[in-house]
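The values are calculated or read from the model by the stated rules, or taken from the named source; none is laboratory data. Quantities reported herein were computed from a predicted structural model and do not represent experimental measurements. Cβ: placed from backbone, ideal geometry, glycine included. Neighbour counts: every protein chain shown.
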Amino acid sequence: MTSSAPATPLTPTAAGAAGPAASALVRALRGERDVRPPVWFMRQAGRSLPEYRELRVGTRMLDVCLDPALASEITLQPVRRHGVDAAIFFSDIVVPLRLAGVDVVIEPGRGPVFANPVRSVADVDRLTAIDPEVVAEAAAPIREAVRLTTAALGDTPLIGFAGAPFTLAAYLVEGGPSKEHLRARAMMHADPDSWHRLAGWLAQVSHAFLTAQTDAGASAVQLFDSWAGSLSVADYRAFIAPHSRVALDGFTVPRIHFGVGTAHLLADMRLDGMADTVGVDWRTPLDEAAAILGADTTVQGNIDPALLAAPWPVLEAHVRGIVQRGRAARAHVLNLGHGVPPETDPTVLTRIVELVHGLDLDAAVGGAE
Ligand code: CP3
(Lines give C-alpha, C1' and ligand atoms only; values in the text may rest on other atoms or scores of the structure.)
Protein backbone atom coordinates (compact mmCIF):
# COMPACT_ATOMS: atom_id res chain seq x y z
CA MET A 1 0.00 0.00 0.00
CA THR A 2 1.21 3.50 -0.70
CA SER A 3 0.24 6.83 0.75
CA SER A 4 -2.58 8.80 -0.80
CA ALA A 5 -3.46 12.42 -0.06
CA PRO A 6 -2.42 13.46 3.45
CA ALA A 7 -5.19 12.92 5.97
CA THR A 8 -6.63 15.85 7.86
CA PRO A 9 -4.59 15.97 11.07
CA LEU A 10 -6.40 14.63 14.13
CA THR A 11 -5.23 17.63 16.12
CA PRO A 12 -4.31 20.25 13.52
CA THR A 13 -1.30 22.37 14.30
CA ALA A 14 -2.59 25.92 14.75
CA ALA A 15 -0.68 28.71 13.03
CA GLY A 16 2.21 29.66 15.30
CA ALA A 17 1.70 26.65 17.59
CA ALA A 18 4.80 24.71 18.54
CA GLY A 19 3.48 21.27 17.47
CA PRO A 20 4.05 18.01 19.33
CA ALA A 21 7.26 19.28 20.97
CA ALA A 22 5.00 21.51 23.10
CA SER A 23 2.49 18.73 23.86
CA ALA A 24 1.45 17.73 27.38
CA LEU A 25 3.31 14.43 26.97
CA VAL A 26 6.64 15.93 25.94
CA ARG A 27 6.41 18.59 28.63
CA ALA A 28 5.74 15.95 31.31
CA LEU A 29 8.60 13.76 30.06
CA ARG A 30 10.88 16.79 30.36
CA GLY A 31 9.70 17.38 33.92
CA GLU A 32 7.00 20.02 33.67
CA ARG A 33 4.02 19.36 35.88
CA ASP A 34 0.55 20.32 34.69
CA VAL A 35 -2.89 20.34 36.33
CA ARG A 36 -3.38 16.75 35.09
CA PRO A 37 -1.06 14.05 33.82
CA PRO A 38 -1.03 13.18 30.11
CA VAL A 39 -2.32 9.66 29.44
CA TRP A 40 -1.57 6.91 26.91
CA PHE A 41 -1.59 3.11 27.18
CA MET A 42 1.07 0.58 26.32
CA ARG A 43 -0.41 -1.74 23.65
CA GLN A 44 -3.23 0.75 23.05
CA ALA A 45 -3.15 -0.39 19.43
CA GLY A 46 -3.95 -4.03 18.92
CA ARG A 47 -6.38 -6.76 19.74
CA SER A 48 -8.54 -4.86 22.23
CA LEU A 49 -9.82 -2.81 19.25
CA PRO A 50 -12.42 -4.34 16.88
CA GLU A 51 -11.19 -2.02 14.10
CA TYR A 52 -7.70 -3.52 14.52
CA ARG A 53 -8.96 -7.11 14.44
CA GLU A 54 -10.88 -6.29 11.29
CA LEU A 55 -7.82 -4.86 9.55
CA ARG A 56 -5.62 -7.77 10.60
CA VAL A 57 -7.72 -10.57 9.07
CA GLY A 58 -5.52 -12.73 6.85
CA THR A 59 -2.30 -10.82 7.52
CA ARG A 60 0.86 -11.71 9.41
CA MET A 61 1.99 -9.43 12.21
CA LEU A 62 5.49 -8.68 10.88
CA ASP A 63 4.21 -8.11 7.33
CA VAL A 64 1.78 -5.55 8.71
CA CYS A 65 4.61 -3.83 10.58
CA LEU A 66 6.47 -3.37 7.26
CA ASP A 67 3.44 -1.99 5.39
CA PRO A 68 3.64 1.80 5.95
CA ALA A 69 -0.03 2.59 5.31
CA LEU A 70 -1.31 -0.26 7.50
CA ALA A 71 1.17 0.37 10.34
CA SER A 72 0.26 4.05 10.28
CA GLU A 73 -3.49 3.40 10.25
CA ILE A 74 -3.23 0.98 13.19
CA THR A 75 -1.13 3.51 15.12
CA LEU A 76 -3.85 6.14 14.66
CA GLN A 77 -6.82 3.93 15.63
CA PRO A 78 -6.51 4.28 19.43
CA VAL A 79 -5.82 8.02 19.17
CA ARG A 80 -9.06 8.55 17.25
CA ARG A 81 -11.04 6.25 19.51
CA HIS A 82 -9.74 7.13 22.96
CA GLY A 83 -8.35 10.66 22.54
CA VAL A 84 -5.12 9.66 24.28
CA ASP A 85 -2.35 12.27 24.60
CA ALA A 86 0.15 10.25 22.55
CA ALA A 87 0.37 7.63 19.85
CA ILE A 88 2.86 4.79 20.09
CA PHE A 89 4.20 3.58 16.78
CA PHE A 90 2.65 0.25 15.79
CA SER A 91 5.52 -2.19 15.32
CA ASP A 92 7.28 -4.83 17.40
CA ILE A 93 10.58 -5.17 19.23
CA VAL A 94 11.68 -7.92 16.79
CA VAL A 95 11.08 -5.80 13.63
CA PRO A 96 14.70 -4.51 13.52
CA LEU A 97 15.92 -8.11 13.74
CA ARG A 98 13.74 -9.00 10.75
CA LEU A 99 15.21 -5.96 8.97
CA ALA A 100 18.68 -7.35 9.76
CA GLY A 101 17.70 -10.58 7.98
CA VAL A 102 17.07 -12.73 11.07
CA ASP A 103 14.49 -15.50 10.54
CA VAL A 104 11.76 -14.56 13.06
CA VAL A 105 7.98 -14.85 13.06
CA ILE A 106 5.39 -13.78 15.62
CA GLU A 107 3.14 -16.69 16.48
CA PRO A 108 -0.35 -15.52 17.48
CA GLY A 109 -0.99 -16.12 21.16
CA ARG A 110 2.66 -16.99 21.76
CA GLY A 111 5.06 -14.26 20.63
CA PRO A 112 8.34 -14.04 18.72
CA VAL A 113 9.85 -17.36 17.57
CA PHE A 114 13.33 -17.64 16.00
CA ALA A 115 14.25 -20.37 13.51
CA ASN A 116 17.86 -20.34 14.76
CA PRO A 117 18.29 -19.62 18.47
CA VAL A 118 21.59 -17.86 19.26
CA ARG A 119 23.38 -20.00 21.85
CA SER A 120 26.91 -20.96 20.82
CA VAL A 121 29.97 -18.85 20.08
CA ALA A 122 29.46 -19.67 16.39
CA ASP A 123 25.81 -18.49 16.56
CA VAL A 124 26.93 -15.19 18.10
CA ASP A 125 29.69 -14.84 15.48
CA ARG A 126 27.21 -15.39 12.68
CA LEU A 127 24.69 -12.87 13.98
CA THR A 128 27.12 -10.13 14.95
CA ALA A 129 28.80 -10.37 11.52
CA ILE A 130 25.70 -8.59 10.17
CA ASP A 131 26.46 -4.88 9.97
CA PRO A 132 23.86 -3.02 12.10
CA GLU A 133 23.88 -0.39 9.31
CA VAL A 134 21.78 -2.88 7.33
CA VAL A 135 18.90 -2.07 9.69
CA ALA A 136 19.11 1.65 8.92
CA GLU A 137 19.04 0.92 5.19
CA ALA A 138 16.17 -1.58 5.40
CA ALA A 139 14.14 0.73 7.64
CA ALA A 140 12.65 2.75 4.75
CA PRO A 141 9.11 1.36 5.40
CA ILE A 142 9.47 2.34 9.07
CA ARG A 143 10.47 5.91 8.19
CA GLU A 144 7.61 6.10 5.69
CA ALA A 145 5.08 4.81 8.24
CA VAL A 146 6.28 7.32 10.84
CA ARG A 147 6.08 10.20 8.32
CA LEU A 148 2.51 9.26 7.39
CA THR A 149 1.60 8.98 11.06
CA THR A 150 3.10 12.23 12.29
CA ALA A 151 1.47 14.10 9.37
CA ALA A 152 -1.90 12.68 10.39
CA LEU A 153 -1.35 13.29 14.12
CA GLY A 154 -0.73 17.03 13.95
CA ASP A 155 -0.02 18.24 17.50
CA THR A 156 -0.37 14.80 19.09
CA PRO A 157 3.11 13.35 19.71
CA LEU A 158 4.25 9.96 18.40
CA ILE A 159 6.35 7.77 20.69
CA GLY A 160 8.92 5.62 18.92
CA PHE A 161 10.19 2.50 20.65
CA ALA A 162 12.61 -0.40 20.61
CA GLY A 163 13.35 -3.49 22.66
CA ALA A 164 16.24 -3.29 25.11
CA PRO A 165 19.18 -5.64 24.52
CA PHE A 166 18.26 -7.96 27.42
CA THR A 167 14.60 -8.38 26.47
CA LEU A 168 15.57 -9.05 22.85
CA ALA A 169 18.26 -11.51 23.95
CA ALA A 170 15.77 -13.26 26.22
CA TYR A 171 13.83 -14.25 23.06
CA LEU A 172 16.80 -14.74 20.77
CA VAL A 173 18.86 -17.02 23.02
CA GLU A 174 15.85 -19.05 24.08
CA GLY A 175 14.48 -19.16 20.51
CA GLY A 176 11.05 -18.00 21.71
CA PRO A 177 9.13 -16.78 24.76
CA SER A 178 10.25 -18.08 28.17
CA LYS A 179 9.27 -17.42 31.76
CA GLU A 180 12.61 -17.06 33.52
CA HIS A 181 14.92 -16.40 30.56
CA LEU A 182 17.34 -18.96 31.93
CA ARG A 183 19.44 -19.42 28.80
CA ALA A 184 20.14 -15.71 28.36
CA ARG A 185 20.97 -15.33 32.05
CA ALA A 186 23.22 -18.38 31.93
CA MET A 187 25.13 -17.04 28.90
CA MET A 188 26.08 -13.87 30.78
CA HIS A 189 27.99 -15.88 33.33
CA ALA A 190 29.06 -18.92 31.31
CA ASP A 191 30.44 -16.92 28.39
CA PRO A 192 30.56 -13.21 29.23
CA ASP A 193 32.50 -12.42 26.05
CA SER A 194 29.76 -13.86 23.81
CA TRP A 195 27.11 -12.17 25.92
CA HIS A 196 28.69 -8.74 25.58
CA ARG A 197 29.15 -9.17 21.84
CA LEU A 198 25.51 -10.22 21.45
CA ALA A 199 24.09 -7.49 23.69
CA GLY A 200 26.36 -4.88 22.09
CA TRP A 201 25.08 -5.83 18.64
CA LEU A 202 21.46 -5.78 19.79
CA ALA A 203 22.01 -2.32 21.28
CA GLN A 204 23.20 -1.03 17.89
CA VAL A 205 20.26 -2.64 16.11
CA SER A 206 17.76 -1.09 18.53
CA HIS A 207 19.55 2.25 18.25
CA ALA A 208 19.19 2.12 14.47
CA PHE A 209 15.48 1.30 14.80
CA LEU A 210 14.92 4.23 17.20
CA THR A 211 16.90 6.54 14.91
CA ALA A 212 14.69 5.62 11.94
CA GLN A 213 11.67 6.67 14.01
CA THR A 214 13.11 9.91 15.41
CA ASP A 215 14.54 10.95 12.01
CA ALA A 216 11.04 10.59 10.57
CA GLY A 217 9.38 12.67 13.31
CA ALA A 218 8.84 10.68 16.55
CA SER A 219 8.69 13.12 19.51
CA ALA A 220 9.91 10.73 22.23
CA VAL A 221 11.30 7.21 22.49
CA GLN A 222 10.62 4.33 24.87
CA LEU A 223 13.03 1.46 25.46
CA PHE A 224 11.12 -1.68 26.50
CA ASP A 225 13.16 -3.89 28.84
CA SER A 226 10.04 -5.83 29.77
CA TRP A 227 11.88 -8.82 31.22
CA ALA A 228 14.67 -6.99 33.10
CA GLY A 229 12.87 -7.75 36.37
CA SER A 230 14.30 -11.28 36.25
CA LEU A 231 17.83 -9.91 36.79
CA SER A 232 19.69 -9.22 40.03
CA VAL A 233 20.96 -5.68 40.56
CA ALA A 234 24.55 -6.89 40.19
CA ASP A 235 23.84 -8.61 36.88
CA TYR A 236 21.84 -5.63 35.64
CA ARG A 237 24.81 -3.33 36.28
CA ALA A 238 27.46 -5.63 34.86
CA PHE A 239 25.70 -7.13 31.86
CA ILE A 240 22.78 -4.93 30.87
CA ALA A 241 22.93 -1.24 31.75
CA PRO A 242 26.00 -0.43 29.57
CA HIS A 243 24.25 -1.89 26.52
CA SER A 244 20.90 -0.21 27.22
CA ARG A 245 22.80 3.08 27.40
CA VAL A 246 24.15 2.49 23.91
CA ALA A 247 20.63 1.83 22.61
CA LEU A 248 19.43 5.17 24.06
CA ASP A 249 22.55 7.21 23.38
CA GLY A 250 22.48 10.51 21.52
CA PHE A 251 18.76 11.23 21.14
CA THR A 252 17.56 14.78 21.63
CA VAL A 253 13.91 13.77 22.17
CA PRO A 254 12.88 12.62 25.69
CA ARG A 255 13.69 9.02 26.60
CA ILE A 256 11.43 6.63 28.56
CA HIS A 257 12.82 3.40 30.04
CA PHE A 258 10.33 0.69 30.99
CA GLY A 259 10.44 -2.73 32.65
CA VAL A 260 8.15 -5.08 34.58
CA GLY A 261 8.94 -6.31 38.11
CA THR A 262 11.81 -3.83 38.32
CA ALA A 263 11.25 -2.30 41.79
CA HIS A 264 14.80 -3.34 42.73
CA LEU A 265 16.23 -1.82 39.53
CA LEU A 266 14.42 1.52 39.34
CA ALA A 267 17.37 3.68 40.37
CA ASP A 268 19.64 1.90 37.88
CA MET A 269 17.06 2.25 35.12
CA ARG A 270 17.61 6.00 35.17
CA LEU A 271 20.89 5.13 33.46
CA ASP A 272 22.51 8.05 35.33
CA GLY A 273 19.96 10.52 34.00
CA MET A 274 20.01 9.33 30.38
CA ALA A 275 16.37 8.28 30.84
CA ASP A 276 14.13 11.31 31.46
CA THR A 277 11.29 9.03 32.53
CA VAL A 278 11.15 5.57 34.12
CA GLY A 279 8.15 3.28 33.68
CA VAL A 280 6.84 1.63 36.85
CA ASP A 281 4.66 -1.48 36.96
CA TRP A 282 1.63 -1.85 39.24
CA ARG A 283 3.57 -3.45 42.10
CA THR A 284 5.32 -0.27 43.27
CA PRO A 285 3.27 2.74 44.45
CA LEU A 286 4.32 5.80 42.43
CA ASP A 287 5.25 7.86 45.48
CA GLU A 288 7.69 5.11 46.51
CA ALA A 289 9.05 4.98 42.98
CA ALA A 290 9.43 8.77 42.98
CA ALA A 291 11.39 8.65 46.23
CA ILE A 292 13.78 6.12 44.67
CA LEU A 293 14.07 7.96 41.35
CA GLY A 294 14.63 11.42 42.81
CA ALA A 295 13.76 14.93 41.71
CA ASP A 296 15.02 14.81 38.15
CA THR A 297 13.03 11.86 36.77
CA THR A 298 9.42 11.69 35.55
CA VAL A 299 7.43 8.54 36.43
CA GLN A 300 5.16 6.68 34.01
CA GLY A 301 2.50 4.20 35.07
CA ASN A 302 1.01 2.35 36.82
CA ILE A 303 -2.61 1.15 36.48
CA ASP A 304 -2.85 -2.57 37.19
CA PRO A 305 -3.99 -4.08 33.85
CA ALA A 306 -6.06 -6.60 35.83
CA LEU A 307 -8.24 -3.77 37.13
CA LEU A 308 -9.38 -2.87 33.62
CA ALA A 309 -11.83 -5.75 34.13
CA ALA A 310 -13.08 -4.46 37.51
CA PRO A 311 -16.35 -2.51 38.00
CA TRP A 312 -15.90 1.16 37.05
CA PRO A 313 -16.08 2.58 40.62
CA VAL A 314 -13.23 0.26 41.65
CA LEU A 315 -11.14 1.19 38.61
CA GLU A 316 -11.92 4.89 39.00
CA ALA A 317 -10.73 4.88 42.63
CA HIS A 318 -7.57 3.02 41.54
CA VAL A 319 -6.84 5.58 38.79
CA ARG A 320 -7.48 8.55 41.09
CA GLY A 321 -5.16 7.03 43.70
CA ILE A 322 -2.41 6.63 41.10
CA VAL A 323 -2.78 10.23 39.93
CA GLN A 324 -2.51 11.41 43.55
CA ARG A 325 0.62 9.36 44.23
CA GLY A 326 2.10 10.49 40.93
CA ARG A 327 2.21 14.02 42.33
CA ALA A 328 5.19 12.96 44.45
CA ALA A 329 7.30 12.88 41.27
CA ARG A 330 8.50 15.94 39.34
CA ALA A 331 5.91 14.94 36.69
CA HIS A 332 3.78 11.91 35.87
CA VAL A 333 2.59 10.26 32.67
CA LEU A 334 -0.45 8.10 33.38
CA ASN A 335 -0.25 4.66 31.78
CA LEU A 336 -0.74 1.02 32.66
CA GLY A 337 1.91 -0.94 34.55
CA HIS A 338 2.17 -3.20 31.47
CA GLY A 339 0.27 -3.58 28.20
CA VAL A 340 -3.49 -3.57 27.55
CA PRO A 341 -4.73 -7.20 27.81
CA PRO A 342 -6.27 -8.27 24.46
CA GLU A 343 -9.65 -9.05 26.05
CA THR A 344 -10.03 -5.51 27.50
CA ASP A 345 -13.30 -3.68 26.77
CA PRO A 346 -11.98 -0.63 24.89
CA THR A 347 -14.74 1.64 26.22
CA VAL A 348 -13.07 1.31 29.63
CA LEU A 349 -9.87 2.86 28.23
CA THR A 350 -11.84 5.75 26.73
CA ARG A 351 -13.49 6.29 30.09
CA ILE A 352 -10.11 6.51 31.84
CA VAL A 353 -8.97 9.15 29.33
CA GLU A 354 -12.17 11.15 29.90
CA LEU A 355 -11.73 10.91 33.67
CA VAL A 356 -8.14 12.12 33.57
CA HIS A 357 -8.84 14.89 31.07
CA GLY A 358 -11.51 16.19 33.43
CA LEU A 359 -9.15 16.42 36.42
CA ASP A 360 -7.77 19.67 37.73
CA LEU A 361 -5.37 18.78 40.52
CA ASP A 362 -4.75 22.38 41.47
CA ALA A 363 -8.47 22.99 41.94
CA ALA A 364 -8.85 19.70 43.83
CA VAL A 365 -6.38 20.82 46.49
CA GLY A 366 -7.54 24.43 46.45
CA GLY A 367 -4.69 26.06 44.55
CA ALA A 368 -1.29 25.55 43.02
CA GLU A 369 1.54 24.11 45.07
O1 CP3 B 1 2.01 -0.49 22.47
C2 CP3 B 1 1.57 -0.44 21.32
O3 CP3 B 1 0.36 -0.27 21.05
C4 CP3 B 1 2.55 -0.52 20.14
C5 CP3 B 1 2.74 -1.77 19.60
C6 CP3 B 1 3.65 -2.82 20.22
C7 CP3 B 1 3.54 -4.18 19.86
N8 CP3 B 1 4.56 -4.87 20.43
C9 CP3 B 1 2.51 -4.70 18.96
C10 CP3 B 1 2.20 -6.15 19.03
C11 CP3 B 1 4.73 -2.72 21.10
C12 CP3 B 1 5.26 -1.49 21.83
C13 CP3 B 1 5.30 -4.02 21.21
C14 CP3 B 1 6.51 -4.31 21.99
C15 CP3 B 1 6.76 -5.70 22.40
N16 CP3 B 1 6.68 -6.85 21.64
C17 CP3 B 1 7.27 -6.06 23.68
C18 CP3 B 1 7.57 -5.10 24.78
C19 CP3 B 1 6.31 -4.66 25.44
C20 CP3 B 1 5.71 -5.66 26.38
O21 CP3 B 1 4.53 -6.02 26.14
O22 CP3 B 1 6.36 -6.05 27.34
C23 CP3 B 1 7.44 -7.46 23.67
C24 CP3 B 1 7.91 -8.29 24.84
C25 CP3 B 1 7.07 -7.94 22.39
C26 CP3 B 1 7.12 -9.34 21.90
C27 CP3 B 1 5.76 -9.78 21.50
N28 CP3 B 1 5.19 -9.43 20.30
C29 CP3 B 1 4.80 -10.52 22.24
C30 CP3 B 1 5.03 -11.09 23.61
C31 CP3 B 1 3.64 -10.59 21.46
C32 CP3 B 1 2.30 -11.18 21.84
C33 CP3 B 1 2.00 -12.47 21.18
C34 CP3 B 1 0.50 -12.77 21.34
O35 CP3 B 1 -0.14 -12.99 20.30
O36 CP3 B 1 0.00 -12.80 22.46
C37 CP3 B 1 3.90 -9.92 20.26
C38 CP3 B 1 2.96 -9.71 19.15
C39 CP3 B 1 2.37 -8.36 19.10
N40 CP3 B 1 3.06 -7.20 19.13
C41 CP3 B 1 0.98 -8.08 18.97
C42 CP3 B 1 0.87 -6.69 18.92
C43 CP3 B 1 -0.38 -5.89 18.73
C44 CP3 B 1 -0.14 -9.10 18.83
C45 CP3 B 1 -0.14 -9.58 17.42
C46 CP3 B 1 -1.52 -9.78 16.88
O47 CP3 B 1 -2.37 -8.86 17.00
O48 CP3 B 1 -1.75 -10.84 16.26
Quiz item: Out of the residues in the range 41-99 that are of a type in the set (Gly, Ala, Ser) and more than 11 Å from the ligand (Cβ to nearest atom), which is farthest from residue 29 (Cα to Cα)?
Solution: 58
Practice problem: Identify all residues within the range 203-229 that are part of a helix (DSSP H, G or I) and touching a residue at least 60 places away in the same chain (Cβ under 8 Å); write none if there are none. | Solution: 204, 205, 206, 207, 208, 209, 211, 212, 213, 215, 228
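One line per residue, one yes/no per condition, for (1) assigned to a strand (DSSP E or B); (2) more than 27 Å from residue 170 (Cβ to Cβ); (3) at pLDDT 95 or above:
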site	(1), (2), (3)
79	no, yes, yes
101	no, no, yes
106	yes, no, yes
125	no, no, yes
134	no, no, yes
152	no, yes, yes
Self-check item: Inter-residue pairs, beta-carbon under 9 Å, first closer than 13 Å to residue 194 by Cα and in the range 123-148, second of a type in the set (S, T, N, Q) and exposed (fewer than 15 other Cβ atoms within 10 Å of the Cβ), 6+ apart
Solution: 123/116; 126/116; 127/116
Practice problem: Evaluate the following for residue 53: is it surrounded by fewer than 19 Cβ atoms within 10 Å (Cβ to Cβ), at pLDDT 95 or above, of a type outside the set (A, V, I, L, M) and assigned to a loop (DSSP other than H, G, I, E, B)? | Solution: no
Quiz prompt | Where a residue in the range 343-356 is more than 17 Å from residue 323 (Cα to Cα) and its partner, wherever it lies, is part of a loop (DSSP other than H, G, I, E, B), with Cβ under 6 Å and at least six apart | solution = 344/48; 346/48; 346/49
Quiz item: Taking into account only those residues within the range 20-41 that are touching a Leu at 6+ places or on another chain (Cβ under 8 Å) and surrounded by fewer than 22 Cβ atoms within 10 Å (Cβ to Cβ), which is farthest from residue 350 (Cα to Cα)?
Solution: 35
Quiz item: If residue 248 passes every condition in (1) away from the ligand (no atom under 16 Å from the Cβ); (2) under 29 Å from residue 150 (Cα atoms) but one, which one does it miss?
Solution: (1)
Exercise. Hey, can you tell me all the residues within the range 314-356 that are in contact with a Lys or Arg (Cβ under 7 Å, 6 or more places away or on another chain) and of a type outside the set (Gly, Ala, Ser)?
Key: 330, 340, 342, 346, 350, 356
Quiz item: If we scan the range 18-25, do we find a residue that is among the small types (Gly, Ala, Ser), under 30 Å from residue 322 (Cβ atoms), in contact with a Gly (Cβ under 9 Å, 6 or more places away or on another chain) and at pLDDT below 95?
Solution: yes
Quiz prompt | In the range 244-281, the residues that are surrounded by 21 or more Cβ atoms within 10 Å (Cβ to Cβ), assigned to a loop (DSSP other than H, G, I, E, B) and not hydrophobic (A, V, I, L, M, F, W, C) | solution = 254, 259, 262, 276, 281
Exercise. Evaluate the range 106-119: report whether one residue or more is out of contact with any Gly (no Cβ under 7 Å at 6 or more places or on another chain), without any contact (Cβ under 8 Å) to a residue 12 or more places away in the chain, among the basic types (Lys, Arg) and more than 12 Å from the ligand (Cβ to nearest atom).
Key: no
Quiz item: Which one of 281, 296, 268, 287 is touching a His at 6+ places or on another chain (Cβ under 9 Å) and of a type in the set (D, E, K, R)?
Solution: 281
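State whether the residues of the range 24-37 include one that is within 16 Å of the ligand (Cβ to nearest atom), in contact with a strand residue (DSSP E or B) (Cβ under 9 Å, 6 or more places away or on another chain) and of a type in the set (D, E, K, R).
Kept after step one, since they are within 16 Å of the ligand (Cβ to nearest atom), are these residues of the range 24-37: 25.
Filter again for in contact with a strand residue (DSSP E or B) (Cβ under 9 Å, 6 or more places away or on another chain), leaving 25.
Right, trim to of a type in the set (D, E, K, R) and you get none.
No: zero hits.
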Quiz prompt | Out of 60, 56, 27, sole residue that is out of contact with any Ser or Thr (no Cβ under 7 Å at 6 or more places or on another chain) and under 28 Å from residue 328 (Cβ atoms) | solution = 27
Quiz prompt | Given (1) surrounded by 20 or more Cβ atoms within 10 Å (Cβ to Cβ); (2) within 16 Å of the ligand (Cβ to nearest atom); (3) assigned to a helix (DSSP H, G or I), number of the condition residue 306 does not satisfy | solution = (1)
